[in-house]
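Visitor: First the structure, which I've put down as structure tokens, then a few questions once you've had a look.
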Amino acid sequence: MERQIIRIDEEKCDGCGLCAQGCPEGALQMIDGKARLVSEITCDGLGACVGECPQGAIVVETREAAPYDERRTLDNLLPKGPNTLKAHLRHLHAHGQTTFLNQALAYLQELGLATPDYKEKTMNQGCPGSASQNLTRGSATPVAQAGQVSQLTHWPVQLHLISPMNPVFEKADLLLAADCVAFAMADFNQAWLPGKKLAIACPKLDQNQDVYLDKLTALIDEAKVNTVSVMIMEVPCCGGLLRMAQTAAQRATRKVPIKAIVVGVNGEIRQEAWV
């Protein structure tokens with residue numbers, strides 16, 4: 001079958017081993033000083049290892065590969081102990097992979113094994129730059145004193161890095177913005193961020209967009225967001241972000257209203273409507 005799976009550039013790999021440490025499923029191992037994908041059926045294609053690689057040697061691509069098997073993955077990692085099992089369940093939970101997570105929990109019950117507590121408020125335990133944070137704003141900085149206080153309430157904001165299970169998104173109004181929007185609009189931060197939780201993505205250049213669909217669906221079903229506002233540029237390729245949000249809404253069991261906001265390249269609002 002054709003699906004998302006990682007590819008390793010052996011020339012870039014320096015053998016640091018961080019990716020293997022960040023793969024509790026055991027799909028990656030260090031062999032002869034290089035990271036190797038040793039099991040396609042235990043690689044879920046979510047790309048957690050990508051952020052661990054300091055050399056940029058790992059990418060997620062779409063190609064023919066054996067289908068991911070959650071039960072085989074558990075058979076592979078259970079001998080590694082409860083901490084590895086917890087890391088795997090946390091990984092599925094943080095990425096909104098409810099189907100695989102339910103398969104794992106059912107299999108553990110079938111085996112008569114206890115389920116570790118995998119629900120943590122801070123989901124990302126690898127790269128410090130992707131660790132979930134609630135942001136607070138002080139009034140002592142020069143920009144704050146000038147009235148230029150950022151309205152961003154959380155970190156990270158890139159859709160690949162956020163966790164739908166982060167409590168910051170629970171029952172929130174989600175603002176899903178194309179990467180270029182904030183640069184085109186002079187008042188994006190002050191006019192559009194207040195009262196909303198931000199996620200950004202590029203529908204043309206970002207890889208592994210199946211993960212985006214899973215996360216948006218989880219934001220609707222699991223985080224129970226109230227509304228989804230999608231801000232895109234007027235260029236044709238940007239429409240993919242709106243279609244992605246609509247597809248996620250169709251997949252979700254809950255219904256949420258979606259607003260489309262189209263921004264001109266000069267920063268003006270060209271269109272704003274519920275769709």
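Each reported figure results from applying straightforward, stated rules to the coordinates on display, with no laboratory input. The structure presented is a predicted model; accordingly, all values stated were derived computationally and were not measured. Glycine also receives a Cβ, built like all others from the backbone with ideal geometry; neighbour counts cover every protein chain displayed.
Visitor: Can you list the lysines whose alpha carbon is less than 16 Å from that of K34, not counting same-chain residues fewer than 8 positions off?
Guide: Here the lysines satisfying the reach criterion relative to K34 are K12.
Visitor: K34: net charge of surrounding residues, Cβ under 14 Å, Lys/Arg +1, Asp/Glu -1, itself excluded? Write out the running numbers ahead of the final one.
Guide: Values: positive: R7, K12, R36; negative: D9, E10, E11, D14, D32.
Neighbourhood net charge equals -2.
Visitor: Using Cα atoms only, what is the angle between the long axis of helix 98-111 and the major principal axis of the chain, expressed in degrees (0 to 90) to the nearest 10?
Guide: 30 degrees
Visitor: Using alpha carbons only, how many degrees (0 to 90, rounded to 10) separate the axis of helix 239-251 from the longest principal axis of the chain?
Guide: Taking the Cα atoms of the chain, the angle to 239-251 is about 60 degrees.
Visitor: Compute the Cα gyration tensor for the range 1-107, then decide on rounded, prolate or oblate, letting a ≥ b ≥ c be the square roots of its eigenvalues: rounded whenever a/c is under 1.5, prolate when a/b is larger than b/c in the other cases, and oblate in all that remain. It would help to have the intermediate numbers written out before the result.
Guide: On the way: a/c = 1.83, a/b = 1.43, b/c = 1.28.
Because a/c hits 1.5 or more and a/b exceeds b/c, the range 1-107 counts as prolate.
Visitor: As an exercise, identify the trypsin sites (Lys or Arg not before Pro) in the range 231-275 lying in DSSP coil whose Cβ has no more than 10 other Cβ atoms within 10 Å. Could you put the intermediate results ahead of the total?
Guide: On the way: sites: R243, R251, R254, K255, K259, R270; in loops: R254, K255.
The qualifying sites are K255.
Visitor: Can you give the angle from 0 to 90° between the axis of helix 209-221 and the longest principal axis of the chain, with both taken from C-alpha atoms, to the nearest 10?
Guide: That helix lies at roughly 70 degrees to the long axis.
Visitor: For the chain, what does the helix formula give at 222 nm: sum of -39500 (n - 2.57) over DSSP H segments with n ≥ 4, over the residue count, nearest 500 deg cm²/dmol?
Guide: On the way: 8 runs with 73 residues, N = 275.
About -7500 deg cm²/dmol.
Visitor: Which whole-Hz couplings ³J(HN,Hα) result when phi for each residue of the range 6-15 is put into the Karplus expression 6.51 cos²θ - 1.76 cosθ + 1.60, θ = phi - 60°, listed in order with x for Gly and Pro?
Guide: 7, 10, 10, 8, 5, 5, 7, 5, 9, x
Visitor: Say the cut-off is 30 Å between C-alpha atoms; which of K80/K196; K197/K255; K80/K215 go over it? Mind showing how you got there, number by number?
Guide: Working: K80/K196 41 Å; K197/K255 18 Å; K80/K215 28 Å.
Flagged as over cut-off: K80/K196.
Visitor: Something else about it: Just to check, using Stokes-Einstein with a Kirkwood Rh over alpha carbon pairs, what's the diffusion coefficient of the range 130-275 at 25 °C and 0.890 mPa s in µm²/s?
Guide: On the way: Rh = 15.6 Å.
Diffusion coefficient, whole number: 157 µm²/s.
Visitor: May I pose another question? Which ordering of K80, K197 is given by a fewest-first count of other beta-carbon atoms within 10 Å? Numbers along the way, then the final one.
Guide: Values: K80 13, K197 22.
Placing the least packed residue first, the sequence is K80, K197.
Visitor: If I stretch the segment between L213 and V265 completely, what's the gain in nm (0.36 nm per residue apart, minus their alpha carbon distance), one decimal?
Guide: Taking 0.36 nm per residue and subtracting the Cα distance, the gain is 16.1 nm.
Visitor: List the GluC sites (Glu not before Pro) in the range 1-88 that DSSP assigns to loop (not H, G, I, E or B) and whose Cβ has at most 15 other Cβ atoms within 10 Å. Which are they? Mind dumping the intermediate values first?
Guide: Details: sites: E2, E10, E11, E25, E40, E52, E61, E64, E70; in loops: E10, E11, E25.
Counting only loop positions with at most 15 other Cβ atoms within 10 Å, the GluC sites (Glu not before Pro) in the range 1-88 are E10, E11.
Visitor: When only Cα pairs under 8 Å and 6 or more residues apart are kept, what is the percent relative contact order across the range 149-274? It would help to have the intermediate numbers written out before the result.
Guide: Details: 238 pairs, mean separation 35.4, N = 126.
28 percent.
Visitor: Counting only residues 5 or more places away or on other chains, whose amide H sits under 5 Å from the amide H of L198 once H atoms are built in the peptide plane?
Guide: Close amide H contacts, sequence-distant or interchain: T153, L175.
Visitor: Return the percentage of antiparallel bridges among DSSP beta bridges fully within the range 149-274, rounded to the nearest 5 %. Don't skip to the end; give the middle numbers.
Guide: Details: 5 of 22 bridges.
In the range 149-274, approximately 25 percent of DSSP beta bridges are antiparallel ones.
Visitor: Testing the spin-label approximation: label points 7 Å from Cα along Cα→Cβ at T115 and R7. State their distance in nm.
Guide: About 3.7 nm, to one decimal.
Visitor: Here's something else I'd like to know. When only Cα pairs under 8 Å and 6 or more residues apart are kept, what is the percent relative contact order across the chain?
Guide: Working: 516 pairs, mean separation 37.7, N = 275.
For the chain, the relative contact order is 14 percent.
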